[in-house]
Amino acid sequence: MTDQKYNTLREFYPFYLTEHLKKTTRILHFTGTGLLLISFLLFLSTMNWWFFAAVPFIGYGFAWVGHFFFEKNKPATFKYPGYSLASDFIMFWELLTRQISFDGTK
């Protein structure tokens, strides 16, 4: 990870994308975020706390497999947890709406 200091999400997000260039990493992030959203909605509709408890494991589990085994880098969430969380949802939306591609190109 870079030693550059990021002061805004707008500054951080382009860096975040460079840490998620491999197709497998983006697919894992997209899957984890999608399942996280489903789990959270199930919690809200059932008030079953197991769905809520699963949220961080689902989100981080898929993402960290992508980073450690495919991207071979350290997740940015260790240094920028807030920006990383926000960026993950931005990347999810941009992948869903095809503003960016799964293969790491715009």
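Rule-based calculations on the coordinates, nothing more; no lab input. These figures come from a predicted structure and were not determined experimentally. Quick reminder, even Gly has a Cβ in these numbers, built from the backbone with ideal geometry, and neighbours come from all protein chains shown.
Structure summary
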{"read-out": "Over the chain, equivalent-ellipsoid semi-axes from the Cα gyration tensor in Å", "value": "24, 15, 14"}
{"read-out": "Kirkwood hydrodynamic radius of region 57-99, Cα pairs, Å", "value": "11.0 Å"}
{"read-out": "Computed over the chain: relative contact order in percent, which uses C-alpha pairs under 8 Å that are six or more apart", "value": "38 percent"}
{"read-out": "Neighbourhood net charge (14 Å Cβ-Cβ; Lys/Arg +1, Asp/Glu -1) for Ser84", "value": "-2"}
{"read-out": "Under the span-like rule (Cα at least 15 Å along the axis, Kyte-Doolittle mean at least 0.5), DSSP H helices of the chain", "value": "23-46, 49-65, 81-96"}
{"read-out": "FRET efficiency, 1/(1 + (r/R0)^6) with R0 25 Å, evaluated for Trp93 and Leu35 via beta carbons", "value": "0.95"}
{"read-out": "Ellipticity estimate at 222 nm from DSSP helix runs (n ≥ 4, -39,500 (n - 2.57)) divided over the chain, nearest 500", "value": "-21000 deg cm²/dmol"}
{"read-out": "Of Phe43, Ile90, Phe69, farthest towards positive along the dipole that unit charges on Lys, Arg, Asp, Glu beta carbons give region 9-96", "value": "Phe69"}
